[in-house]
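Below is one structure, written out as structure tokens, with a few remarks after it.
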Amino acid sequence: MATAVRAGMQPADSTVFARKQRSLWRDALWRLFRNRAAVMGMVVIALAAFVAITAQVVAPYDPVQQNTPKQLMEPIWTRFFGSRFTDSAYLLGSDELGRDILTRLMYGSRVSLVVGIVPVAMVFIIGATIGMLSGYVGGWVDNVLMRFTDVVYAFPDLLFVIIIVATLRNTDLGLVMDGLLLIFVALAIVSWVGLARLIRGQVLSLKHREFIEAARAMGASPVRIMLKHLFPNILAPVIVSIAFAVPGAMLTEATLSFLGIGVRPPTPTWGAMINEGFVVFSTTPWPVLLPAFCISIVLLACTFVGDGLRDALDPRMKI
């Protein structure tokens with residue numbers, strides 16, 4: 001009897017504290033913000049986005065305004081090293097036409113950030129559609145789509161973009177938005193292949209899992225299965241792939257502008273500024289170094305964010 005009573009009794013201080021579990025995405029976000037390099041990259045990208053959005057307000061001059069008597073002014077800090085070609089009105093100096101470099105850098109950030117967002121969004125739509133259909137439907141649909149993917153993949157990306165832009169540059173499409181729309185289309189055409197292959201592989205690994213079979217047994221349509229069950233479970237590697245595609249698109253646009261087949265002048269872009277600065281590089285290197293520095297910093301920030309997302313979304317990478 002005493003044993004039964006003792007068995008039914010519980011100590012007064014035996015309170016059980018259950019730890020509240022974080023969801024997968026909340027846990028990934030928590031780990032992302034613990035990555036200092038990723039946080040620094042996000043700060044740099046946010047600052048660049050703020051400058052791009054407010055350039056028309058905060059920029060000291062018009063980006064195409066010329067002041068020939070003040071051409072090739074050097075940055076204000078070179079005054080401490082004995083430079084006599086400085087002017088406090090041009091903090092980062094001026095180019096060969098007397099245009100303020102700081103203003104053109106601010107406006108140039110608009111092109112770089114837009115190129116990093118719009119073509120990648122187009123790549124996501126194309127790659128996700130082809131990859132999902134190819135992986136889920138299979139059969140002859142998979143064969144046709146993957147052979148088409150192989151044909152596109154056979155062309156070198158940069159060379160293919162150069163051919164498209166150079167060929168269509170003087171058409172109606174090449175004149176829209178000073179050629180920016182053509183760059184969007186060219187980047188989207190050549191950059192979706194890797195994402196499509198990634199999504200196809202993920203779908204092939206998941207489409208015969210138990211939760212997919214259960215959804216199919218309950219009468220879910222193929223579209224619902226792809227959108228509601230497959231897509232959320234392959235989103236983590238897709239996000240990482242997109243994060244690394246953004247700096248690639250920015251670098252490609254800068255390369256096209258440097259080669260003289262990018263956005264039409266006088267619209268300022270960082271690549272075009274480097275191209276124009278090489279003409280006077282022997283006189284002063286700053287018209288080349290400053291936009292190159294901006295490109296490097298933003299690309300490095302995007303890479304840090306991509307690395308942080310890869311580590312945060314990998315369940316094996318526990319901090």
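Go through region 32-137 and tell me which helices (runs of 4 or more DSSP H), entirely inside it, have 2 or more residues that are more than 19 Å from THR269 (Cα to Cα). If you could, list the steps in order and put the result at the bottom.
Values: elements: 36-53, 55-58, 101-137.
Answer list for region 32-137: 36-53, 101-137.
For region 186-222, give me the residue count where each residue is without any contact (Cβ under 8 Å) to a residue 60 or more places away in the chain and within 30 Å of ILE162 (Cα to Cα). Give the derivation first.
Pass one, region 186-222, residues without any contact (Cβ under 8 Å) to a residue 60 or more places away in the chain: 186, 189-190, 205-206, 208-221.
Filter once more, so that each one left must be within 30 Å of ILE162 (Cα to Cα): 186, 189-190.
Residues that pass the stated criteria total 3.
For the subset of region 74-87 comprising residues that are of a type in the set (A, V, I, L, M, F, W, C) and at pLDDT below 90, which member is nearest to ALA272 (Cα to Cα)? It would help to see each step written out before you state the result.
Our first condition is that a residue be of a type in the set (A, V, I, L, M, F, W, C); within region 74-87, this holds for 76-77, 80-81, 85.
Now drop any that are not at pLDDT below 90, which leaves 80-81, 85.
Numbers: PHE80: 29, PHE81: 28, PHE85: 23 Å.
In this case the residue turns out to be PHE85.
Quick grid of which residues meet (1) aromatic (Phe, Trp, Tyr); (2) under 31 Å from the mean Cα position of the chain (by Cα); (3) modelled with pLDDT under 90:
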{"position": "ASP62", "(1), (2), (3)": "no, yes, no"}
{"position": "ALA89", "(1), (2), (3)": "no, no, yes"}
{"position": "ASP100", "(1), (2), (3)": "no, yes, no"}
{"position": "SER112", "(1), (2), (3)": "no, yes, yes"}
{"position": "VAL120", "(1), (2), (3)": "no, yes, no"}
{"position": "ILE125", "(1), (2), (3)": "no, yes, no"}
{"position": "MET132", "(1), (2), (3)": "no, yes, no"}
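ASP178: touching a Pro at 6+ places or on another chain (Cβ under 9 Å), over 21 Å from LEU235 (Cα atoms) and at pLDDT below 90, yes or no?
In short, yes.
So which residues in region 249-273 are surrounded by 22 or more Cβ atoms within 10 Å (Cβ to Cβ) and either of a type outside the set (A, V, I, L, M) or farther than 25 Å from ILE189 by Cα (or both)? Give the derivation first.
Looking only at region 249-273, we keep the residues that are surrounded by 22 or more Cβ atoms within 10 Å (Cβ to Cβ), and these are 249-250, 252-254, 256-257, 262-263, 268-273.
Once the filter is applied, which keeps residues that are surrounded by 22 or more Cβ atoms within 10 Å (Cβ to Cβ) and either of a type outside the set (A, V, I, L, M) or farther than 25 Å from ILE189 by Cα (or both), region 249-273 yields THR252, GLU253, SER257, GLY262, PRO268, THR269, TRP270, GLY271, MET273.
Pairs, please: C-beta under 7 Å, at least 6 apart or cross-chain, first residue more than 22 Å from PHE80 (Cβ to Cβ) and in region 91-117, second among the hydrophobic types (A, V, I, L, M, F, W, C) and part of a loop (DSSP other than H, G, I, E, B)?
GLU96/LEU72; ARG99/VAL64; THR103/ALA59; MET106/ALA59; TYR107/ALA59; VAL111/VAL263
Could you please let me know if PHE160 is of a type in the set (Phe, Trp, Tyr), out of contact with any strand residue (DSSP E or B) (no Cβ under 9 Å at 6 or more places or on another chain) and in a helix (DSSP H, G or I)? Write out each step before concluding.
Details: of a type in the set (Phe, Trp, Tyr): yes; out of contact with any strand residue (DSSP E or B) (no Cβ under 9 Å at 6 or more places or on another chain): yes; in a helix (DSSP H, G or I): yes.
Taking the combined requirement at face value, the residue satisfies it.
The values are calculated or read from the model by the stated rules, or taken from the named source; none is laboratory data. Treat the numbers as computed from the prediction; the structure is a model and nothing was measured. In this analysis, Cβ positions are derived from the backbone assuming ideal geometry, glycine residues included, and neighbour counts consider all displayed protein chains.
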